[in-house]
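Below is one structure; the comments refer to it alone.
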Amino acid sequence: MTLQSSTYGGQQIELAMDIERDQSTGNWWLYLWGTPIGYWPPSIYNGGVLTYGADTLSWGGEILDSSGSNGFHTLTQMGSGHFPSEGYTRASYVRNIVYKDPNGNANAISQNELHPQAPAPNCYNYQFQQDNSGQVYFFYGGPGCS
């Protein structure tokens, strides 16, 4: 499988990703565009909450700077490296946000169910939007801090 990347200000390539727990085996499966890629067995969770299900879901971006920044934000960019206010074709985004309940039913996320965090909004931020059908999506990212 070859992954393409989006072009700033041009064609956007979306990654259709799904993570599901197999109720019979307890394995957490990763799917890309509906194709199973691999799984995490329940044994790696040592009896923790992910052994049996999940109680928290997260979407968005995260950066890691292992250069010894002592917890300070750095020039490391998140997403496309552009702020959410630049919008589609320029900022990174997440859409079609759903979760499956224990019965396997897909449930759309509403904005009031989300608890956004942007600890350094001058470096990285997010912006929620909602389409005409009520689907919540968000843009996120930023250039990092100097």
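The values are calculated or read from the model by the stated rules, or taken from the named source; none is laboratory data. Please read these numbers as outputs of a predicted model, since none were measured by experiment. Note that each Cβ is placed from the backbone with ideal geometry, even for glycine, and that neighbours are counted across all protein chains shown. The protein model used for the area step is the full one, side chains on, heavy atoms only, and it has no ligands, DNA or RNA in it. Shrake-Rupley method; radii C 1.70, N 1.55, O 1.52, S 1.80 Å.
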> When the stretch 91-102 is examined, which residues are found to be within 24 Å of residue 10 (Cβ to Cβ) and either open to solvent by 50 Å² or more (accessible area, probe 1.4 Å) or not aromatic (Phe, Trp, Tyr) (or both)?
Replying inline: 91, 92, 94, 95, 96
>> With the structure loaded, tell me whether residue 30 is surrounded by 13 or more Cβ atoms within 10 Å (Cβ to Cβ), more than 27 Å from residue 143 (Cβ to Cβ) and modelled with pLDDT of 85 or more or whether it fails that test.
In response: yes
> Quick check: anything in the stretch 64-81 under 24 Å from residue 11 (Cβ atoms) and outside any loop (DSSP other than H, G, I, E, B)?
Replying inline: yes
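Okay, residues lined up against (1) surrounded by 11 or more Cβ atoms within 10 Å (Cβ to Cβ); (2) farther than 30 Å from residue 106 by Cβ; (3) not hydrophobic (A, V, I, L, M, F, W, C):
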{"site": "4", "(1), (2), (3)": "no, no, yes"}
{"site": "19", "(1), (2), (3)": "yes, no, no"}
{"site": "24", "(1), (2), (3)": "no, no, yes"}
{"site": "34", "(1), (2), (3)": "no, no, yes"}
{"site": "42", "(1), (2), (3)": "yes, no, yes"}
{"site": "50", "(1), (2), (3)": "yes, no, no"}
{"site": "55", "(1), (2), (3)": "no, no, yes"}
{"site": "75", "(1), (2), (3)": "yes, yes, no"}
{"site": "89", "(1), (2), (3)": "yes, no, yes"}
> Has the stretch 37-52 got at least one residue that is assigned to a loop (DSSP other than H, G, I, E, B) and among the hydrophobic types (A, V, I, L, M, F, W, C)?
Replying inline: no
> Which one of 112, 122, 105 is more than 28 Å from residue 21 (Cα to Cα) and either open to solvent by 90 Å² or more (accessible area, probe 1.4 Å) or out of contact with any strand residue (DSSP E or B) (no Cβ under 6 Å at 6 or more places or on another chain) (or both)?
Replying inline: 122
> Any chance the stretch 28-45 includes a residue that's within 16 Å of the chain's Cα centre (by Cα), aromatic (Phe, Trp, Tyr) and within 25 Å of residue 129 (Cβ to Cβ)?
Replying inline: yes
>> Pull out all pairs, ordered by first then second residue, where Cβ-Cβ is under 7 Å, the residues are six or more apart or on different chains, the first lies in the stretch 82-109 and is touching a residue at least 60 places away in the same chain (Cβ under 8 Å) and charged (D, E, K, R), and the second is open to solvent by 60 Å² or more (accessible area, probe 1.4 Å) and not in a strand (DSSP E or B).
In response: 90/8
